[in-house]
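Chemist: Provided herewith is a single structure, encoded as structure tokens, for subsequent inquiry.
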Amino acid sequence: MDVEGEVPAAAAAAVANGLGGAGEEASPAPVSAEQLDVEAYAAQYSGRTRLARLLFIADRCGVEAMQLEALRMAYDEIKRGEDVQLHRDVTARIKGRLGPRYGLDQAWVDSVTRRADQRKEKLENELNGYRTNLIKESIRMGYNDIGDFFYAHGQLSDAFKSYIRTRDYCTTSKHIVQMCMNVILVSIELGQFAHVSNYVNKAEQTPDSLDPIVVAKLRAAAGLAYLETKKYKLAARKLVDTGIELGNNYSEVIAPQDVAVYGALCALASFDRSDLKSKVIDNINFRNFLELVPEVRELVNDFYASRYGSCLGHLEKLKPNLLLDIHLHEHVETLYMDIRHKAIIQYTLPFISVDLNTMATAFKTSVSMLEKELAALITDNKIQARIDSHNKILYARHADQRNATFQRVLQTGNDFERDVKSMLLRANLLKHDYNQRNGPRKM
């Protein structure tokens, strides 16, 4: 792996994850989500992901009071850490709207910078000493300490490189898992989800059995990586299999409520009916996650029970908050469309004909809009039906089972006849002792 070449390009992805400098982000359409309790939401997370999520809300939310609340909390959180560049960026975003207390604290910046320089010099000197003495375990710990230092100061690319360098000095499975978890953490923040998947696999392949909490963390990280790469079915499988041991042990990356929301939406969009029943609804482990988010639990049950109007209603209520989620926001429209299309397809399956007026009422939409959706699904060959626009009726085109059976029998007969002829030919060749011999070799 070319660490030196890949990481600088990845650093730009940190902007998309909410930790970029002021003025660097694009200007997306503002989202209104008055019902989001910013303080309660942020309390689910720790470390840099709490900052990233707060800044993401501040950038995307269209309610100024919520923006300022998110920025205030981010400012206070940064002052408890050591990332002076992020302090400058957040101060620039606040633009004096929170009063003089939330301005640039130059004395704090100078103090943190001075301590950081001293700490960095000490760590580098210690590492050089370990490398001179060729103490493998000490070298590993030295690179780990430098990686932690860079991570705390927001220098994610340097942290990534330091954590990767510990790989050559790992002597036990525990060391390898620790290295993988560090790389996964930084890769998520850099937006390098290919690295996340790669190091999840490395950790899972260690010979020793893993702690249940580590297994849960790895599955959650893998699910997040699949979600970000739009592999929703794979994401759903990983997330619904995430152990309840996860709890709040991975708050620097994901909350258990996120596992419920991400897993349920990906499952609704990609699982068939039997998988939804066995892997989600009857999954006692995942049910514990769903209990944390009752609205999501209800929409899953409504979907399976064919209460599509209620299910879609729950989705619409959740949508403003989901659009403020740092990982889910860009997938909301796609997932919602897939879920809606699956609901429409399942609604039409049992019937020979469907009254569009009744169906439109069930889906809380107009007949004209429903006709357009049905026409698109028919064109994509997802529904075998035709629309009677005059009488507003959908007629199903069921396959001719009798003809299909006859065709299968005919094909089976042809295959049997061919096989018998081949066997007879072989038997005759053996009977007459016929062998095809190769000609003499040319020297």
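Chemist: In what order, largest first, do ASP419, ASP325 sit by accessible area if the probe radius is 1.4 Å?
Modeler: Accessible-area ranking of ASP419, ASP325, largest first: ASP419, ASP325.
Chemist: Taking LYS230 as the anchor, which aspartates and glutamates have their alpha carbon closer than 13 Å to its alpha carbon, excluding any fewer than eight residues away along the same chain?
Modeler: Of all the aspartates and glutamates, those that pass the test against LYS230 - Cα under 13 Å, at least 8 places apart if same chain - are GLU330, GLU333, ASP338.
Chemist: Right, here's the next one. Using helices alone, I'd like the mean residue ellipticity at 222 nm for the chain: each DSSP H run of four-plus residues gives -39500 (n - 2.57), total over residue count, nearest 500. Show your work: numbers first, answer last.
Modeler: Working: 20 runs with 282 residues, N = 443.
That calculation yields -20500 deg cm²/dmol at 222 nm.
Chemist: Same structure again: Lysines within cross-link reach of LYS233: Cα-Cα under 29 Å, excluding same-chain residues under 8 positions apart?
Modeler: LYS202, LYS217, LYS277, LYS279, LYS317, LYS319, LYS342, LYS364, LYS372, LYS382
Chemist: Over the heavy atoms of SER389, what accessible area does a 1.4 Å probe trace out, to the nearest 10 Å²?
Modeler: Near enough 60 Å² of accessible area.
Chemist: Same structure, new question: Between the range 292-323 and the range 120-153, what is the separation of their alpha carbon centroids in Å?
Modeler: About 50 Å separates the Cα centre of the range 292-323 from the one of the range 120-153.
Chemist: Explain nothing, just the number: relative contact order of the chain, from Cα pairs under 8 Å at least 6 residues apart, as a whole percent.
Modeler: 11 percent
Chemist: Please go through the range 32-91 and write out the trypsin sites (Lys or Arg not before Pro) that DSSP classes as loop and that have at most 10 other C-beta atoms within 10 Å.
Modeler: Passing sites in the range 32-91 are ARG80.
Chemist: Below 30 Å, Cα to Cα, which lysines can LYS431 reach? Residues fewer than 8 away in the same chain don't count.
Modeler: Candidates past the 8-residue exclusion: LYS421.
Chemist: A further question on this structure: Please work out the C-alpha center-to-center distance from the range 341-358 to the range 185-235 and express it in whole Å.
Modeler: 38 Å
Chemist: So for ILE188, ILE281, what's the accessible-area order with a 1.4 Å probe, most first? All intermediate terms of the calculation are to be shown ahead of the outcome.
Modeler: Numbers: ILE188 10, ILE281 35 Å².
Output order, biggest surface exposure first: ILE281, ILE188.
The values are calculated or read from the model by the stated rules, or taken from the named source; none is laboratory data. Just so we're clear, the structure is a prediction, and the values are computed from it rather than from any experiment. Every residue, glycine as well, gets a Cβ built from its backbone with ideal geometry; the counts of neighbours run over all protein chains shown. These area figures cover heavy atoms from the full protein model, side chains too; ligands, DNA and RNA do not enter into them. Shrake-Rupley method; radii C 1.70, N 1.55, O 1.52, S 1.80 Å.
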